[in-house]
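Taking it in order: structure first as structure tokens, then the write-up.
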Amino acid sequence: MIANASVWVVYGILKSLVSVWASNGAGVLLGAYYFTIYSRHSKNVDEVFFHRRVVSGIILLVLFMSMALRQEVASELIGKLGVCFCVILFASPLAALATVIETKSAESIPLPFTVATIVNCTAWMTIGLWKFHDFNIYFPNILGVTCALAQIALKIIYNKPVADEKRLPR
């Protein structure tokens with residue numbers, strides 16, 4: 001969350017899009033808060049350290065690109081990196097697809113999160129298409145809406161609880 005939001009903050013600054021950098025700035029702060037709480041309660045110190053190194057590396061790479069490259073080149077490369085992060089984040093809940101089909105239950109798909117994804121992605125898709133005319137903003141959000149609608153379809157098709165003997169271990 002921190003890495004993704006950081007990428008979009010820098011992209012928003014490079015493109016002078018206040019709504020992009022401001023909203024993602026809030027995402028950086030909330031992500032940092034979440035990560036701090038996670039770090040305090042995690043028993044796996046090596047995993048926390050690994051995540052901290054990866055996120056720090058991504059942020060440093062993006063900052064380096066923003067300073068070392070021409071603004072147009074940096075914004076395009078950083079935008080594409082943001083697109084990659086968004087595609088991964090929006091498609092990752094579909095990893096539960098096999099579980100849903102195997103158990104014939106969509107119990108593992110969080111409906112509130114899926115609805116929030118549809119609302120959020122629809123808003124950014126609309127702004128990206130009609131206000132900013134920016135592929136890096138509208139394209140990943142089109143994919144986000146599509147993935148969330150696929151999850152809703154699975155929720156409709158397989159909306160029954162799993163019997164305890166068929167439930168996969170958590």
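The values are calculated or read from the model by the stated rules, or taken from the named source; none is laboratory data. Only a predicted model underlies this, so the values are computations on that prediction, with no experimental measurement involved. Note that we place each Cβ from the backbone using ideal geometry, even for glycine, and neighbour counts take in every protein chain shown. All accessible areas refer to the heavy atoms of the entire protein, side chains included, with ligands and DNA or RNA removed. Shrake-Rupley method; radii C 1.70, N 1.55, O 1.52, S 1.80 Å.
For the range 48-77, a tally of residues being among the charged types (D, E, K, R) and over 14 Å from ILE13 (Cα atoms) returns 2. Here the condition is being open to solvent by 60 Å² or more (accessible area, probe 1.4 Å), more than 24 Å from SER19 (Cα to Cα), of a type outside the set (Asp, Glu) and within 17 Å of the chain's Cα centre (by Cα); of LEU89, LEU111, it holds for LEU111 alone. Pairing residues of the range 53-80 that are open to solvent by 90 Å² or more (accessible area, probe 1.4 Å) with residues that are modelled with pLDDT of 95 or more, at Cβ distances under 7 Å and at least 6 apart in sequence or on separate chains, gives GLN71/LEU14.
Looking across the range 66-116, just one residue is at pLDDT below 95, closer than 23 Å to PHE139 by Cα and touching a Phe, Trp or Tyr at 6+ places or on another chain (Cβ under 8 Å), and that is PRO93. For the condition buried (at least 18 other Cβ atoms within 10 Å of the Cβ), under 19 Å from PHE135 (Cβ atoms) and either touching a residue at least 40 places away in the same chain (Cβ under 8 Å) or of a type outside the set (Asp, Glu) (or both), what is the one hit in GLY31, GLY12? One residue alone meets the criteria, GLY12.
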